[in-house]
Every structure is written in structure tokens, then in C-alpha cells.
Amino acid sequence: MRKRLVLTISILPLIFIFLSSLKVYAEESRLDKANRWLLENNIIPIERYPYFRELNYNRKPLYESEYLEGTRDTIVYGQPHDDPGEKPVQVAGGLRHRYLGYTMSDAPFTNYMYPDDNNIAESYWSRGYNPSTLISMPWIEEVTMNHKAVSTTTGNSAYAGFSGNPEFEGFIREGLRIRSRHNMAKAGVEVSYATVDFTDEQITSVQWHQYAYIIQPPTRYS
């Protein structure tokens, strides 16, 4: 009898742990999913795992908003904000801030639905967004590595360990393609937010990962 009692006590905790682990996996958060994807795809080294946390490097908390869920399931920290002296812009659907919040490394996270500052007909390609003008590897060039768009709130350069990775070329091209006025116009879609206006030929003619400063990695879940 005594032996059976000991056996029962030994097994119950194991059953509890097993059931608890199933529950945790079933309720895996978007941070957990994003971190697991980054690790499984060799985007982050094991020593930087987990990359996404509840607090960013400057201890800003994860920003939760229905506005960022679904197709915009974006991982940002702090609060939406604008450049000093600016106010949010009124557009169809409400107010929009220039930045959705901050990245994990505490750099401003651009709101790609913020209206274009320079609303002119000239294409982005003609305005200098092409290899003849763009700076190669801006994360190591002194003139660009401390630009306000990639600097943290403490004045340091944002973490650039994701930049220059050819694995991200497909993500960058798809992002340019999705935001392109050219493709939206062909589909008969009118938009009120900023678009990039590249043709398919222009998108595929450049190795964009050589020019893009990636301040936060894309994942399947964010």
C-alpha cells in the first residue's frame, strides 16, 4: 500500500506538468510565435533568444491595440507619437501619428499609413530612391547610421544586426510591391496613405537588402 501511494504521488506532478505544457503551447503569444520563427529560420543567434520581450531595450512596454492586430499584427513598444512639434494628421478613418511606437531596440517605428510629406506626382524612383543615389550599407556609414529615423531615444544607433541579410530580400520586395501606387492603380484602388510608387521592374532590378537599414526583423507572425 505504501509503495502504491508513493508511485501515485510521483506520477501526478508529471501529468500536471505535461498538461500545463500543452496549455502553454496552445496559448502561445504572438511574441512567442515571432521569437520561435526567428530562431527556427536562423535570423537570430541563440544568445539573442528571445529577441522580442514584454519590455524593449529602454524598458518601454509592449503596446497593445486592436489597430495593430490582424494584417497589421505589428510588434511595437511605447506609444504612437510624432516628431517634436508635430501633431497627428487627420485622415479618413481618424488621426494618424507619424510613428506607431518604438522598436525593440527603441528606434521610432514608422507608420506606413501616415500621409506622404511630399505629395507630388514624381515617382519615388525619380526622386532618388534608386541605386544611383541611395547609400550602400547605411548602417555602417557615419553620415546615415545616426539618422533620427534609426536612432534610439537615448541617441544611440538602433541595432543593425538584421541589415544586409539577403534572406530579407523577398520580404523587402514584397513590402515595396504591396505599397506601390503602380500596382494599386492597376487594381483600381485609391488610397489616402503613403505609398512607394515603384514598378515591378524597378523592384526586381535592385538588391534592396544592400541599402535597407532593417531596425526590426519581419516574421511570419508580425
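For the reader, a short list of remarks on this structure follows.
- Some residue of the stretch 45-59 being of a type in the set (Val, Ile, Thr) and either modelled with pLDDT under 85 or under 19 Å from Thr103 (Cβ atoms) (or both): no
- Among the conditions (1) charged (D, E, K, R); (2) under 20 Å from the mean Cα position of the chain (by Cα); (3) part of a loop (DSSP other than H, G, I, E, B), Arg36 misses just one, which is (3).
- Restricted to the stretch 80-166, the set of strands (runs of 3 or more DSSP E) holding at least 1 residues that are under 20 Å from the mean Cα position of the chain (by Cα) and touching a residue at least 24 places away in the same chain (Cβ under 8 Å) comprises 94-96, 99-102, 108-110.
The values are calculated or read from the model by the stated rules, or taken from the named source; none is laboratory data. Keep in mind that what you see is a predicted model, and the values were worked out from it rather than measured. All Cβ positions, glycine included, derive from the backbone under ideal geometry; neighbour counts span all protein chains shown.
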